[in-house]
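What follows is a set of notes on a single structure, which appears directly below.
The values are calculated or read from the model by the stated rules, or taken from the named source; none is laboratory data. Note that the structure is a prediction, hence the values are computed from the model and not measured. With ideal geometry, Cβ positions are generated from the backbone for all residues, glycine too; neighbour counts draw on all protein chains shown. Please note that ligands, DNA and RNA were not included when accessible areas were found on the heavy atoms of the full protein model with its side chains. Shrake-Rupley method; radii C 1.70, N 1.55, O 1.52, S 1.80 Å.
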Amino acid sequence: MKKKSLVMSLLALTSLTIQAQSDFVANYDEGKVPAYTLPSLLTCNDGTQITTSAEWENKRRPEVMELFQSMMFGRTPQEKVSAQYTLLKENPQALNGKATIQQVRMRFSNNGKSHDAILMLVKPNHAQRSKLPVIFCYNFLGNEQTLGHDSSILPHAANDVFPITVKGKDEEGYGSWDFDQIMDRGYVLATMCYHDIYPDGKNDLRKHSVATLFSDYVEESSMQPDTWQSIGMWAWGASRAANYLVTLPWIDADRMAVMGHSRLGKTALWTGAQDTRFRVVISNDSGCGGAALSRRCFGETIGKITDSFPHWFCPLLSQYDRREQELPFDQHQLLALVAPRGLYVASAEDDAWADQRGEFLAACAAGEVYHLYGLKGLETTVMPAIHQPITNSIAYHIRAGIHDVTTYDWTQYLNFCDKQFKLQ
Ligand code: GTR
């Protein structure tokens with residue numbers, strides 16, 4: 001009887017949440033942003049104040065990492081999975097002779113299971129250096145789409161499980177790829193379709209994700225509050241791509257950047273927080289659960305995002321639906337985990353859903369940690385005008401237009417990488 005009433009009340013609670021989320025109306029009024037205090041970056045759990053970069057790294061940074069892995073993205077398993085890399089195809093005269101394209105199958109194996117992903121490397125043919133800087137950036141719509149549906153490019157490895165149906169004009173907003181500029185600037189672009197790691201749908205696709213390779217794999221119904229989900233796995237996949245990149249003699253392992261747009265911007269930040277081999281971390285329009293402060297409840301909220309995309313974050317996060325002020329962390333702390341490496345946060349003028357001001361203010365607040373290293377953060381709390389990037393060790397811009405990655409964005413990211421990598 002007791003059990004039954006517990007189940008009934010849980011059901012009632014669930015339907016209440018569903019009810020509330022279907023009625024959700026996003027706030028776009030700056031005047032209705034609640035008053036809030038950001039959780040401290042430099043005060044430890046035991047109350048001590050951090051004053052040096054060494055104290056940050058040894059004491060406070062692990063505490064902040066723990067918050068994000070226990071409450072937002074889940075814990076990345078530490079178990080080693082073997083990886084085999086096979087060059088499937090190479091075209092030395094791609095992009096009108098500008099680039100060499102390699103398509104590499106990464107086969108991950110463990111516990112008698114294996115899982116494939118296809119990494120595509122686009123390498124400039126006329127670069128001046130023998131070792132080249134590289135930007136890793138997941139794609140949404142398959143490797144072939146990044147090149148305008150080039151038929152010589154293989155479909156993504158997860159094609160059977162999760163075919164990509166978005167085509168033609170619906171592709172707007174998923175990010176454009178400025179290969180000409182990237183090649184001319186002497187950068188390698190490494191990309192992979194994110195569905196190859198975790199097919200991005202909420203209908204129990206966990207069983208087709210890399211999670212199944214690990215000894216502690218559980219199905220959706222048995223997850224713990226801190227079980228990793230898709231963003232955690234995409235971040236894991238980005239680090240596996242890095243494992244391969246650093247083995248290539250023509251890659252400069254000290255000059256690797258990770259960039260991502262939107263949900264893949266959230267992923268880029270979580271990748272950069274965990275994998276310090278990425279010396280530059282770029283978040284393009286990452287919004288809620290990425291660079292934007294949750295406490296502002298502007299545009300997308302914790303309740304809304306965990307309702308729409310329950311498979312992105314660890315199960316615990318949804319408990320903060322309409323309780324953002326009680327969250328023991330906020331997104332400025334995720335950004336600070338990138339310090340002292342280069343961090344770029346960018347917004348788009350028409351992308352209020354991602355809360356541009358919230359992204360900017362989080363980047364401002366992360367500066368405290370950069371100061372411990374004698375580096376500059378944004379050094380202002382006044383949002384810059386459109387197309388006026390600020391580029392210190394933390395960089396920020398807001399550009400005109402919609403939620404997307406444009407040529408303007410790529411130009412700023414390449415400028416920033418040049419500066420951070422001392423290639424100017
Ligand atoms: C939206 C989602 C955002 C953002 C975006 C994207 O629907 O609400 O958080 O991540 O998707 O990834 O395109």
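The table that follows gives values for the structure above.
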quantity	calculated
Calculated FRET value between Asp116 and Gln93, using beta carbons and R₀ = 22 Å, to 0.05	0.25
The chain, helix-only ellipticity at 222 nm - DSSP H runs n ≥ 4, -39,500 (n - 2.57), divided by all residues, nearest 500	-8000 deg cm²/dmol
Relative contact order (percent, whole number), the stretch 2-420, Cα cutoff 8 Å, 6+ residue spacing	17 percent
All-pairs alpha carbon distance profile, the stretch 348-424, 5 Å steps from 0, percent	3, 15, 23, 25, 20, 10, 3, 0
Neighbour net charge for Tyr408 - beta-carbon separation under 12 angstrom, K R +1, D E -1	-3
Euclidean distance between Cα centres, the stretch 122-151 to the stretch 387-418, Å	19 Å
Simple spin-label estimate for Glu349 and Asn27 in nanometres, 7 Å along Cα-Cβ	2.6 nm
Helix runs (DSSP H) in the chain reaching 24 Å along axis by Cα, Kyte-Doolittle at least -0.5	2-22, 356-372
Order by protection proxy (mean Cβ within 10 Å, highest first), peptides 164-170, 376-382	376-382, 164-170
Carbon and sulfur %, accessible surface of the stretch 230-289 computed with the full protein complex present, 1.4 Å	41 percent
GNM top mover of Lys123, Lys266, Lys202 - the chain, alpha-carbon springs below 10 Å	Lys202
Surface per residue (accessible, 1.4 Å probe) for the stretch 2-420, Å²	41 Å²
Accessible-area value, Glu368, 1.4 Å probe, nucleic acids and ligands omitted, Å²	90 Å²
Zero-based 10 Å bins, Cα pair distances in the chain, whole percents	4, 22, 33, 27, 11, 2, 0, 0
Value of relative contact order over the stretch 39-110, rounded to a whole percent, pairs C-alpha under 8 Å and six or more apart	21 percent
Average Cα contact separation per residue, the stretch 182-301, under 8 Å, 6 or more apart, as relative contact order %	16 percent
Ordering of 212-221, 253-262 by packing [mean C-beta count within 10 Å, highest first]	253-262, 212-221
Whole-Å distance, taken between Cα centres, linking the stretch 62-100 and the stretch 232-248	2 Å
Whole-percent carbon and sulfur share, accessible surface of the stretch 96-150, 1.4 Å	39 percent
Calculated FRET efficiency for the pair Gln78/Leu423, C-beta based, R₀ 41 Å, to 0.05	0.75
